[in-house]
Structures are given as structure tokens and as C-alpha cells.
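Just below is one structure, and these are the notes that go with it.
The values are calculated or read from the model by the stated rules, or taken from the named source; none is laboratory data. Not measured: the values here are computed from a predicted model. Cβ placement follows ideal geometry from the backbone for every residue including glycine, while neighbour counts extend to all protein chains displayed.
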Amino acid sequence: MKLFKPRDIVIPAEGAAMLADAIGRIAQPSRRAFLQRSLTLGGLTLLTGCATDDQDSIEQALSGISRFNDRVQAALFDPTRLAPTYDEAMITRPFPFNAYYGEEDIREVDGDDWRLELSGLMADRKPWTLAQLRALPQQSQITRHICVEGWSAIGKWGGVPFAHFLRHVGADLSAKYVGFKCADDYFTSIDMATALHPQTLMALSYDDQPLPPRYGFPMKLRMPTKLGYKNPKHIQAIFVTNTYPGGYWEDQGYNWFGGS
């Protein structure tokens, strides 16, 4: 059998400059996870085809990789396949807090005054109170939350199946996107197939207790089929649209589909 000696990989001067620029962008916290996943050999091949005198060329190339990844994830997504569930003994205690701000800045929302605003492609856009949501059919799940930062935790969530709610308000189920605006100024959006997944939940409780502020009171969206940044907390408004809505992290380079 013929043995091959390892060789150093030689990158052309212009490719090396672009690679250095791309690696430098990894230092930006809001883009780190996306870029680390994008700088594969295939990604480098794409990068070396960019114009080296165009400062936006790498950004455009990486955005193209992300959009391609979104399309692949969407094509592979099975709306009937369930994420794993767990026994209560496996719940992570305490369940970690995670947001783009520290715990000292957790939003305090008055549940009595709170209203869930609806807009877009829905037949019934009247606002909902917390009491009205709690009167709808409820279910619970013990599922794993997976963070893009590399950690995971198991928690017990209870609330309204999102598919039931969307049908109840006459949402256009053929629309492309469902978007969310939150009391902490966070925003994101998901595909309709994920919105209708049987485990996608309008979470109103955690561990059989009213949802604590640190986990998103009065309501968060819990999706075990998505990474953590796709699970918005302190939701104030929901809209259905065919126009791409983006998201807080997605607009900064994270993959939009965000499947776990």
C-alpha cells in the first residue's frame, strides 16, 4: 500500500487575505456560531471566488451559504417527526437562564394588563388576554432545549398547542412565515411547517407553575425542533405573513431556519 506524506496546504495570497478577514469576523459574538459552521473547505472554495477588493464579498458569500443551509434544513424537516421526550427525573434543575442580556435586565410584564396582539394573514385579529389563553386546551412536554452556544438542558413546559391556536384564529396555514415581537425587544420568525408541528407550544407554565419571568412570562414559544434562539420569550405580538420577517440574531448572520 502506498503511503502519502502529509503536505502543507498552500493558500494563494488573495485567498489568504480573505481567509484572514473571515476569521477576524468570527470574533464578533453575534456571528461566531454561524461563521464557525460556514468556514468549511466548501466555504473556503466559495470565498476564494469573491472579489478581494470588495469588503462586502465575504459577507455576501457567507450569507449565500446560510440561505442554502436554510433551504436544505427546510427540505429535510419532517412536520410529523417528534423530538425526544424525557422523564421528570431528567429535568435540569435549575433550568438555565439565557438571553442577549443579563438576568438583572429580565423584563417584568404585568400579566393583568398584557394583551397578545395579532396581525397579518388571520381572520380573527382581536387581542388575547392571559386568562383566555389559559382557557384553551393545554398540553405539556418534557423536552431538551439546545443552545447554539453548545449547551443543552431538559425542561417541562405547558401551554397551548400553537397549531390549535392558529387554526382557532383563522390563520392562513398556507402562508410562509409566522413572526413574533417581544416585550424585551427581541423578535424572530419561523416557517409555517414548524408552527404547525405538534410539539410547538405557546408555553404558559414551567414545571407545573406559571411561567416565571426568567423563562419568558407571560408566554413564550417552545419548539424542541428549533435551536434556543428561535424560541422567543415575553411574546407580545404574533403575525402571519408571506414577506420574510428576519429576526434579531438572524439579521446578524445566524441561520434563519435554526433547526436542532
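Numerical summary
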read-out: Positions within region 196-220 being of a type in the set (S, T, N, Q) and either part of a loop (DSSP other than H, G, I, E, B) or in contact with a strand residue (DSSP E or B) (Cβ under 6 Å, 6 or more places away or on another chain) (or both), in sequence order; value: 199, 200, 205
read-out: Residue in region 195-207 that is touching a Leu at 6+ places or on another chain (Cβ under 8 Å), of a type in the set (Gly, Ala, Ser) and within 24 Å of residue 150 (Cβ to Cβ) present; value: yes
read-out: Region 200-211, residues that are touching a residue at least 40 places away in the same chain (Cβ under 8 Å) and either within 15 Å of the chain's Cα centre (by Cα) or not assigned by TED's automatic domain parsing to the domain that holds residue 95 (or both); value: 201, 202
read-out: The lone exception for residue 239 - which of (1) at pLDDT 95 or above; (2) crowded, with 18+ Cβ neighbours inside 10 Å; (3) more than 19 Å from residue 117 (Cβ to Cβ) it fails; value: (3)
read-out: Considering residues of region 148-166 that are in contact (Cβ under 8 Å) with a residue 40 or more places away in the chain and surrounded by fewer than 16 Cβ atoms within 10 Å (Cβ to Cβ) only, the residue nearest to the chain's Cα centre (by Cα); value: 149
read-out: Hey, residue 183 in contact with a strand residue (DSSP E or B) (Cβ under 8 Å, 6 or more places away or on another chain), of a type in the set (Gly, Ala, Ser), within 18 Å of residue 230 (Cα to Cα) and touching a residue at least 24 places away in the same chain (Cβ under 8 Å) or not; value: yes
read-out: Members of region 118-147 that are under 23 Å from the mean Cα position of the chain (by Cα) and part of a strand (DSSP E or B); value: 118, 119, 120, 122, 139, 140, 141, 142, 143, 144, 145, 146
read-out: Selection count, region 199-214, where residues are touching a helix residue (DSSP H, G or I) at 6+ places or on another chain (Cβ under 7 Å) and either surrounded by fewer than 20 Cβ atoms within 10 Å (Cβ to Cβ) or charged (D, E, K, R) (or both); value: 1
read-out: Any chance residue 127 is assigned by TED's automatic domain parsing to the domain that holds residue 188, over 22 Å from residue 227 (Cα atoms), modelled with pLDDT of 95 or more and not β-branched (Val, Ile, Thr); value: yes
read-out: Candidate set from region 167-195 (those that are of a type in the set (Ser, Thr, Tyr) and in a loop (DSSP other than H, G, I, E, B)); member that is surrounded by the most Cβ atoms within 10 Å (Cβ to Cβ); value: 186
read-out: Meets criteria (under 19 Å from the mean Cα position of the chain (by Cα) and either surrounded by 13 or more Cβ atoms within 10 Å (Cβ to Cβ) or of a type in the set (A, V, I, L, M, F, W, C) (or both)) for residue 96; value: yes
